[in-house]
Amino acid sequence: MTRGQPPVPPATAPLVRRSAEHGITTLTLDSPHNRNALSARLVGELSAALAEAADDAATRAVLLTHTGGTFCAGADLTEITGAREDGERDLSDDGGAPNERDGSGGRGGSNERDGSGDRGGLNERDGSDDRDGLNERDGSDDRGGLNERDGSDDRDGSGDRHGTSAPRALAALLRTVVELPKPVVARITGHVRAGGLGLVGACDIAVAGPEASFAFTEARLGLAPAVISLPLLPRMDPRAAARHYLTGERFDAAEAARTGLVTAAADDVDAALVPILAGLRKASPQGLAESKRLLTAETLRAFDRDTRAAAEQSARLFASSEAREGMTAFLERRDPSWAR
């Protein structure tokens, strides 16, 4: 265990917690040891929880939230490389950002070393400490820019490490969110990196607070946001997507709202969610399902058309020597060979 890092929870402790009240099922990502990275286990638990919510007649909508200072750090690099990470770093962009070592200074802080202040762009380890923009540690295996490892069919993490099973699993998770017949609302009060942005993009509504920060750090690791582009590109302004995909810069909630990544930036996220959740409670199940079907039709066509190519791109990049150098450099807390 790295110094200052929360302990790895026992296998019996859930990484996704579920609660329900007044028609809203809340799913809380609770994996602080890796800043809610998209590990195979977290992806599997989240997929199962979403399936339960879909089958629950009492659930009108799903609220996706998190513990600690990181919403989701992206892929889990240590799962991908089998190596240990000696301290968190943020692949996000600022070499001079606060120390996001823990994703935010602790479970709820904003220690940028891990949230994004890291030289790499976001402390992937912590939700954002990934130099390359995605918390490989837990992003899971984001071979293409989203936690492929868990985003797709590898729900139990048993898929081949360098093949397409992980990216397909990530794609499957993201598609589950998009296809769910009930609205999924993201409550973001912390850092989001790499594959975690794909999870945000898959949600129907997303509200982010002043502590939130975002970064596509994949390019800094020799990767690309392949699979997560399926739900993201239909939402984001093309010029903004180009800037953030290519530079890996960290950006705030206001910029995320301007680009279409989130619905709104709010000083008080919970207050902003009150009228949204109240409106969803008043809507009929059929009305919500059919309205969402209209909204997601184009995105689902993109999944049908491009999932295989995105998963293959992600797998190819993760297996490349350049990405190995990027991930190794991140874990060793040094700049990759190409950095200038």
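Over the Cα atoms of region 179-242, compute the convex hull volume and normalise it per residue, giving Å³.
Given the Cα convex hull of region 179-242, per-residue volume reads 89 Å³.
Mind sorting ILE188, ILE80 by how few other Cβ atoms lie within 10 Å of their own Cβ, fewest first?
Going from sparsest to densest Cβ surroundings: ILE80, ILE188.
Between ASP270 and ALA309, how many nm apart are label points set 7 Å from Cα along the C-beta direction?
4.5 nm
For PHE214, PHE71, what ranking results if the residue with the fewest other Cβ atoms within 10 Å of its Cβ goes first?
PHE214, PHE71
Read phi for every residue in region 275-286 and hand back ³J(HN,Hα) as whole Hz from Karplus 6.51 cos²θ - 1.76 cosθ + 1.60, θ = phi - 60°, with x for Gly and Pro.
3J(HN,Hα) across region 275-286, in whole Hz: x, 5, 5, 4, x, 5, 5, 7, 7, 7, x, 5.
Can you compute 3J(HN,Hα) from phi for each residue in region 239-251, using the Karplus curve 6.51 cos²θ - 1.76 cosθ + 1.60 with θ = phi - 60°, rounded to whole Hz and x for Gly and Pro?
So the J values, rounded to whole Hz, are 5, 5, 4, 4, 4, 6, 4, 7, 9, x, 4, 7, 9.
For region 55-65, just list the computed ³J(HN,Hα) in residue order, Karplus coefficients 6.51, -1.76 and 1.60, θ = phi - 60°, integers in Hz, with x standing in for Gly and Pro.
Ordered by residue, 3J(HN,Hα) equals 8, 8, 4, 7, 8, 8, 7, 10, 10, 9, 9 Hz.
FYI, it's all coordinate maths here, none of it is from the lab. What you see is a predicted model; the values in this text were computed from it and never measured. So basically every Cβ, Gly included, is an ideal-geometry build from the backbone, and we count neighbours across all protein chains shown.
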